[in-house]
Amino acid sequence: MQNKWTKEETTIAFNVYCKIPFKESSKNHPLIIAVANKLGRTPSALNMKIGNFGRLDPELKKKGITGLKNGSKLEEEVWNEFHGDWENLAIQSEMLLEKLIYSNDEVLNQNHETEKKRVIKARLAQSFFRSSILAAYSNKCCITGIDLPELLIASHIIPWAKSEKERLNPRNGLCLNALHDKAFDKGFITLDDHYRILISKKLKSEINKAIFIQYFQLYENIQISLPDKFLPNIEFLSYHRQNIYLS
């Protein structure tokens, strides 16, 4: 009989939960196999742990996806810790995963100078956020459906510099292609509380009409493709409309 899951292992499992579209989670998934082997557990056991996290996700429940019914208090503890402090836990879990997979004890070694630590933390944070957002949207732009990863951006709703507490929260993200990411970032487009696309009059008046029709008008007032998990937070969208959108 295998040992009980530790807090560290459960934190790593939650990291993996964030990075795999829930419907694609299985014992045959390459990431699950790789992490399970390093943990000394079976892919089935890790996949079951991910399913246990699914039972805690209210957005999955709304869609009738309940995950596995049985779970531990430790999973609830890790779930709640992440949702209370995405900044710290996302970086911590990414560090644990890198150390596990690459046996890299130097990820954030105490001997690293301050600037090097800052760069490492930024890389870990960006890696976690991008992976979580693309997985939530099944690696597709939520406006156009473009599915080439090289053209996809994990776009922040509240900008990175404006919200340290929420900047690594996957509910503060959208998966957008590079063009619409830039338009969203600059306030030319936004979303209403029903996740429908709003287009600013400024964009309509300043862009070539043919270009506007081809790349923007087609999507006006259309609801984006919603993610399987980490539904965009309504309050974050409200912030974007009030502070970024060029209404």
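The values are calculated or read from the model by the stated rules, or taken from the named source; none is laboratory data. Since this is a predicted model, take the numbers as computed values, not measurements. Note that we place each Cβ from the backbone using ideal geometry, even for glycine, and neighbour counts take in every protein chain shown. SASA here: full protein model, heavy atoms, side chains in, ligands and nucleic acids out. Shrake-Rupley method; radii C 1.70, N 1.55, O 1.52, S 1.80 Å.
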Tally, over the stretch 1-43, of residues that are free of Cβ contacts under 8 Å to residues at least 40 places away in the same chain, open to solvent by 40 Å² or more (accessible area, probe 1.4 Å) and under 22 Å from residue 73 (Cβ atoms): 4
Filter result (surrounded by fewer than 11 Cβ atoms within 10 Å (Cβ to Cβ) and part of a helix (DSSP H, G or I)) within the stretch 207-226: 209, 210, 211, 214
Over the stretch 212-247, the set of residues without any contact (Cβ under 8 Å) to a residue 40 or more places away in the chain and on the phi > 0 side of the Ramachandran plot is 221
Just to verify a result, which residue in the stretch 165-196, among those that are in a loop (DSSP other than H, G, I, E, B) and closer than 22 Å to residue 138 by Cβ, is most open to solvent (accessible area, probe 1.4 Å)? 194
Confirm whether residue 56 is in contact (Cβ under 8 Å) with a residue 40 or more places away in the chain and open to solvent by less than 70 Å² (accessible area, probe 1.4 Å). no
All conditions in (1) modelled with pLDDT of 95 or more; (2) assigned to a helix (DSSP H, G or I) are true of residue 140 except (2)
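Out of 67, 71, 145, 84, which single residue is modelled with pLDDT under 95, at positive phi and not polar (S, T, N, Q)?
Details: 71 fails: at positive phi; 145 fails: modelled with pLDDT under 95; 84 fails: at positive phi.
Residue meeting the stated conditions: 67.
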